[in-house]
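The block underneath contains the structure these notes are about, expressed in C-alpha cells.
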Amino acid sequence: MNDRLSRIQQKENDFLVGRDREMERYLRFLTGEPLSDKNIWNIFGTGGVGKSTLLDMMRRMSIQQDSAFLYLDSRDFRHSPVEVCNRLLQQCSPELSVQCIGESSLTEASLRAIKEISCNTRVTIAFDTYEEMDDLDPWLREQLIQWLPDQVLVILAGRNPLKGPWRLSPAWRERVERISLGSFDRQQSYAYLRKCGISSQDKLKKIWSLTNGHPLALSLLASTISTNSDDWESLGGEYWFDHLVEIWLREVPDPEIRKWVETASVLRNFDQESLSIVNGESISSETFTQLCRLSFVRKAARGWMLHDLMRDAASRMIKERSPSRYRTLLERSAAYYKMRILQAPRDGSASWEIGELFWYIGNATIRWILSPSAKGQYYWESLTEANVTEGESYIQRRFAEARPLKRTEIDPVSNRTIEHEMDVHFEVSKLHSLHLRSFLRIEHEIVRSLRTSEGEIVGLAAIYPIHSGTIPFLLDDPLASPYFSDRSSSELQQFLVPFHRPAGWFIRIIDIADSEDPSLTMEAISLLFSFMISGGLLITSPPPHPLFIQPHLDMGFQEVAGVKHCFYDGTTLTSTYVLDTRGNKLDQLLEGLLQKSGMNGTPPEVPETPTNPSVTPQPQEPDLPDVLSKREKEITRQVLQGQSNAEIAATLYISEVTVKKHLHSVYEKLQVGNRNQLLRYLLSK
C-alpha cells in the first residue's frame with residue numbers, strides 16, 4: 001500500500017515513535033474492528049506533545065487503507081456551521097458545488113454524504129486544535145456528531161480534555177474515549193534520536209536528561225545537533241538551551257511579556273498574585289491573560305505553569321545572564337511560600353506550599369525528590385481490617401523483590417548528577433517487625449497505603465498520633481520507646497492529651513516500593529510535609545544511612561542527645577530526631593531554614609496597579625441585539641471597551657483569526673461595514 005504515499009510521506013512514517021498503542025488501535029478500526037459505543041476519541045495534551053503529528057499519521061494510515069479521513073483545523077476556517085459543512089462536503093466530494101445547496105440543508109447534505117461513504121469504507125472525522133472551537137462546540141455536538149452513523153470515528157484533538165456536557169451527560173460520557181498524550185519514555189526517546197542519526201550513548205543520555213522526553217524538545221534538539229561531534233561541542237553541550245529558548249520566545253516579541261515569562265520560569269506554578277509579589281510589581285489582567293495564552297503555558301491544578309522544559313531553560317538563561325535578578329526572584333519566591341504557609345490553617349493543608357518552599361531552599365536531593373511537576377497518579381488512604389491483607393502482601397513483596405539501591409539524581413537547578421548507593425539490608429530493614437494488625441487494634445488511622453490510580457499498593461506508612469491513648473504503645477514500641485522512656489514525668493504529662501488533639505506524631509515508617517522513582521519519593525515526602533505544618537511535635541528514628549538521615553536534617557529535624565538504639569541490625573547505633581512546630585516555632589523553623597540557605601524571608605510589598613487619571617469612565621453598555629450569538633456578544637462588548645483584536649483574543653482565550661471571523665459575522669448581521677460603524681450603531685442604541 002506504500003505506493004499510495006509519496007516518498008516524503010513514507011519518510012514521515014519512519015520517524016514516528018512512541019505512539020504505538022494509539023496507532024495499533026486506529027489500525028484495528030481501519031481494518032474492521034467494531035467501535036462499540038466509544039466512537040469519539042478525545043486526544044489531548046499540552047502544546048508540542050504531538051497531537052497534530054499523530055493526526056497526520058492517522059491520515060496517512062487512512063490513505064494506505066483506502067479509507068476516508070476528513071480533517072478540519074479550527075485555525076483554518078471561519079467558525080460557523082455553514083463553513084464546517086462546506087469543508088466536510090468538499091472533502092467528501094471535491095467536485096460538489098456547495099454554493100447551490102441552501103444553508104438550511106447543508107447539515108443534512110453533509111450527514112447524507114458521510115453516511116454514503118461509510119457504507120463502503122471506514123470514515124474518520126478529525127477536528128484539530130479543538131480548544132479554539134468552543135463557539136461551535138454545542139452545534140457540533142447536538143446537530144452534527146450525534147447524528148453521524150455509529151461506524152464513523154470522530155477525533156477531537158486539543159490541549160484540554162472535553163468538559164461540560166461531554167462529561168456531565170452520561171449518554172455522551174459513555175461515547176467518549178479519553179486519550180492523553182504525554183512525553184516519551186527513555187526507550188522511545190532513544191529510538192527517535194537514533195532515527196535522527198544520534199547514536200552516541202553519552203549524547204542519548206544527555207539529551208534525555210535535558211528534554212525529559214518532551215517530543216517538541218527532542219525534535220528541536222535533534223534538528224540542532226548532527227552526528228558530527230564538532231556540532232555538539234560548538235553548541236557548548238548544555239548551551240543548546242539558549243537556542244531552544246529563542247525558538248520558544250519567537251512567540252513572544254513583546255519585551256513586557258518576556259519579562260513575565262522569565263519570572264514565571266522561576267516559579268514552578270504561578271498566578272497573578274505570585275507573579276506580582278515575586279517580580280515586585282503588579283501584573284495587569286490583560287498582560288496576565290496574554291501570558292497564559294502562550295503555547296508553552298498550561299493550566300495546572302494550582303494556577304498556571306510553563307512547560308517543564310521551557311521553565312528549566314528560561315530560568316537557566318536568567319541565572320547565566322543576570323545572576324543578581326535570578327537571586328532576587330529566588331528569594332522572593334521562597335519568601336512568598338513562607339508567607340502562604342504561615343497564613344494557612346495548621347491542618348496539614350499547606351503541604352504543597354512547604355514543598356514549593358523546599359524547592360528553593362533545599363539541597364540537590366530535595367529538589368530531585370520534588371522535581372515531578374504534577375501529582376495525582378497516586379493517593380494515600382487508611383488501611384483497614386478489610387484490606388489489611390493487601391498491606392501484608394506488599395511487605396512480603398518488598399522483601400522478595402529487595403535489591404541494592406542505585407539512585408541517580410539530576411539536580412533540576414544545577415543539572416549536576418549525583419549517584420547514591422545503599423545495600424539491600426538498609427532498603428528493607430525498616431519493614432522488620434511491622435505488624436499491621438497490631439497497629440489497627442491501637443487506632444485505625446495509624447497505617448496508610450499509597451496506591452496507584454488502579455488501586456495497587458506501592459507504599460506503606462505507619463504514623464502514631466501522640467495522645468493519652470497511644471502513649472502505652474509508644475513506650476512499648478522498639479523504635480519509639482528509646483525516646484519516650486527517656487522523657488521525664490512532666491514531659492510525658494504533656495503528651496496525655498485527648499485523641500482528637502494529638503500533641504504530635506511518631507513516624508514509625510514511610511516506605512515506598514521504588515526509591516529510585518522521584519514521583520513515588522515525592523509522595524512520601526509530601527506526606528511528611530503535611531505533618532510538619534500541623535502544629536505539633538514530630539519524632540522519627542530512620543535507618544542509620546545518609547540517604548534516610550540527611551533529608552530529615554535538611555528539613556530542620558534535630559538529633560535528640562543521648563537517645564540511641566540498635567533496632568535495625570542489632571549493632572549499629574541509631575539516633576532519634578525531633579522537629580517542633582508548636583506555637584510560633586513553625587515561623588522560627590522556616591525563618592531559620594531560609595537564613596541557612598542565605599535567603600531573606602521577608603516578602604516585598606506589592607505596589608498597587610497605577611491608575612490613569614486621563615481615563616474617563618466607560619458609558620453604560622447598550623443592550624446587544626438578540627440576533628448575535630453568545631460569543632459574538634462577548635466580542636462586541638470587548639469592542640465597546642476599546643480593545644483591539646489581539647487584546648480581545650487574549651481576554652477570551654481564542655485566536656485573533658477567530659476574533660476577526662466573529663466580527664465579520666457581527667458586521668453582516670447588523671449590516672455595518674467596519675468597527676467604527678459598529679460602534680456608532682451600538683452607541684446610538
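The values are calculated or read from the model by the stated rules, or taken from the named source; none is laboratory data. This one's a predicted model, so the numbers in the text were calculated from it and none came from an experiment. Every residue, glycine as well, gets a Cβ built from its backbone with ideal geometry; the counts of neighbours run over all protein chains shown. For the accessible areas, the whole protein counts, side chains as well, though only heavy atoms, and no ligand, DNA or RNA atoms are used. Shrake-Rupley method; radii C 1.70, N 1.55, O 1.52, S 1.80 Å.
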Item checked: Enumeration of residues in the stretch 148-173 that are touching an Asp or Glu at 6+ places or on another chain (Cβ under 8 Å) and either surrounded by 13 or more Cβ atoms within 10 Å (Cβ to Cβ) or closer than 24 Å to residue 19 by Cα (or both) -> 157, 158, 159, 160
Check: Which one of these does residue 198 not meet: (1) open to solvent by less than 30 Å² (accessible area, probe 1.4 Å); (2) over 29 Å from residue 36 (Cα atoms); (3) not in a loop (DSSP other than H, G, I, E, B)?
Finding: (3)
Margin query: Considering only residues that are modelled with pLDDT under 90, assigned to a loop (DSSP other than H, G, I, E, B), out of contact with any strand residue (DSSP E or B) (no Cβ under 7 Å at 6 or more places or on another chain) and small (Gly, Ala, Ser), which ones fall in the stretch 483-539?
Written below: 534, 535
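Take the stretch 414-458 and flag every residue that is among the hydroxyl-bearing types (Ser, Thr, Tyr), open to solvent by 20 Å² or more (accessible area, probe 1.4 Å), farther than 25 Å from residue 549 by Cβ and out of contact with any helix residue (DSSP H, G or I) (no Cβ under 9 Å at 6 or more places or on another chain).
Hit for the stretch 414-458 is 453, nothing else.
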Note to self: Would you confirm whether or not the stretch 288-310 contains a residue that is of a type in the set (Ser, Thr, Tyr) and open to solvent by 50 Å² or more (accessible area, probe 1.4 Å)?
What the structure shows: no
Check: Scanning the stretch 575-597 for residues that are of a type outside the set (Ser, Thr, Tyr) and closer than 13 Å to residue 346 by Cα, which turns out surrounded by the most Cβ atoms within 10 Å (Cβ to Cβ)?
Finding: 586
Check: So, in the stretch 253-310, of the ones that are of a type in the set (Gly, Ala, Ser) and modelled with pLDDT under 85, which residue ends up nearest to residue 645 (Cα to Cα)?
Finding: 295
Item checked: Within the stretch 596-628, tally of residues that are farther than 22 Å from residue 676 by Cβ, modelled with pLDDT of 80 or more and over 31 Å from the mean Cα position of the chain (by Cα) -> 0
Notebook entry, point to check: Conditions: (1) under 23 Å from the mean Cα position of the chain (by Cα); (2) more than 30 Å from residue 301 (Cα to Cα); (3) among the polar types (S, T, N, Q). Residue 189 meets all but one. Number of the miss?
Noted result: (2)
Item checked: Matching residues in the stretch 545-574 - criterion: being of a type in the set (A, V, I, L, M), assigned to a helix (DSSP H, G or I) and surrounded by 15 or more Cβ atoms within 10 Å (Cβ to Cβ) -> 547, 549
Next item on the list: Write out, first by first residue and then by second, each pair whose Cβ atoms fall under 8 Å of each other, whose residues are 6+ apart or on separate chains, and whose first residue, in the stretch 437-454, is under 10 Å from residue 383 (Cα atoms) and free of Cβ contacts under 8 Å to residues at least 60 places away in the same chain while the second is among the polar types (S, T, N, Q) and open to solvent by less than 90 Å² (accessible area, probe 1.4 Å).
Entry: 440/384
